[in-house]
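Student: Could you have a look at this structure, given as structure tokens, before my questions?
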Amino acid sequence: MMDKETRTIWDPISGEAFKGPFKGTKLNTWPVFVTNVDAQLSAQTDTQLFISAHRSPLMWFMQFTPLFMGVSKRGFLAPNFHLSMSKPIDPRLPKLTQGVGVIMGKHTKYYPLNLIPPGKGIRDQWNDRTLIIDRSGKDKIPRAAWEENNEMPMQLLSRWYGFSFTYPDCEIYTPGEDQG
């Protein structure tokens, strides 16, 4: 993304400026949690839901895209999408693997969703601390927190290709690391 004032180009995930006058600086970041309507209404009963009736021509056209693009429930990347990336997609996992990536300073780790049991979670010893990745909420979306204080580190629910592009040296969780 680019800011209009300085025309600096920022990475929307890490907050780092990679081109322009602020290159090398970093914006403050914080976790953004994905959920669904039912889970949000259960957690906060005073939530107000607003649904827009506006439908642009592009939105109308896009409703047919899945038919022509072969979109599955697991997602898709547009043909030749990889050409827009400045380096190849990391082959360590399938590119559309969904998971939660945890960022702790310069240390990053990716937890594939298929390795985190719904209704439960995992405990992982990482950087001399115990991280709990929990999927027991109504939405079954993973959330990470440190066991000793329940503090939530910076985390992103993302596809593998995006997380590994932003954090190319990230670790990948494997079940043998599970601490119970």
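Student: Identify the residue in the stretch 135-170 that is in a loop (DSSP other than H, G, I, E, B) and hydroxyl-bearing (S, T, Y) and, among all such residues, is nearest to A43 (Cα to Cα).
Tutor: The first filter runs over the stretch 135-170 and keeps only residues in a loop (DSSP other than H, G, I, E, B), leaving 135-142, 147-153, 167-170.
Now restrict to residues that are hydroxyl-bearing (S, T, Y): 136, 167.
Values: S136: 13, Y167: 32 Å.
So the residue we want is S136.
Student: Being modelled with pLDDT under 90 and either under 12 Å from the mean Cα position of the chain (by Cα) or hydroxyl-bearing (S, T, Y) (or both) is the filter here, so list the residues in the stretch 129-141 that pass it.
Tutor: Within the stretch 129-141, S136, I141 meet the criteria.
Student: Another question about this same structure. Select from the stretch 131-174 the residues that are among the hydrophobic types (A, V, I, L, M, F, W, C) and on the phi > 0 side of the Ramachandran plot and list them in ascending order. I'd like the intermediate steps shown before the answer.
Tutor: So the first thing to find is which residues in the stretch 131-174 are among the hydrophobic types (A, V, I, L, M, F, W, C), and the list is 131-133, 141, 144-146, 152, 154, 156-157, 160, 163, 165, 170, 172.
Residues satisfying the conditions do not exist here.
Student: Also, quick follow-up: Under the condition of being of a type in the set (G, A, S) and not in a strand (DSSP E or B), which residue from the stretch 103-134 is farthest from E148 (Cα to Cα)?
Tutor: The first filter runs over the stretch 103-134 and keeps only residues of a type in the set (G, A, S), leaving 105, 119, 121.
If we keep only those that are not in a strand (DSSP E or B) as well, we get 105, 119.
Values: G105: 19, G119: 21 Å.
Selected residue: G119.
Student: Considering only the stretch 1-32, how many residues are under 16 Å from the mean Cα position of the chain (by Cα) and surrounded by 13 or more Cβ atoms within 10 Å (Cβ to Cβ)?
Tutor: Going through the stretch 1-32 one residue at a time, the tally reaches 6.
The values are calculated or read from the model by the stated rules, or taken from the named source; none is laboratory data. Since the model is a prediction, treat every value here as computed from it, not as a measurement. When we count neighbours, we look across all protein chains shown, and the Cβ atoms used for this are built from the backbone with ideal geometry, even at glycine.
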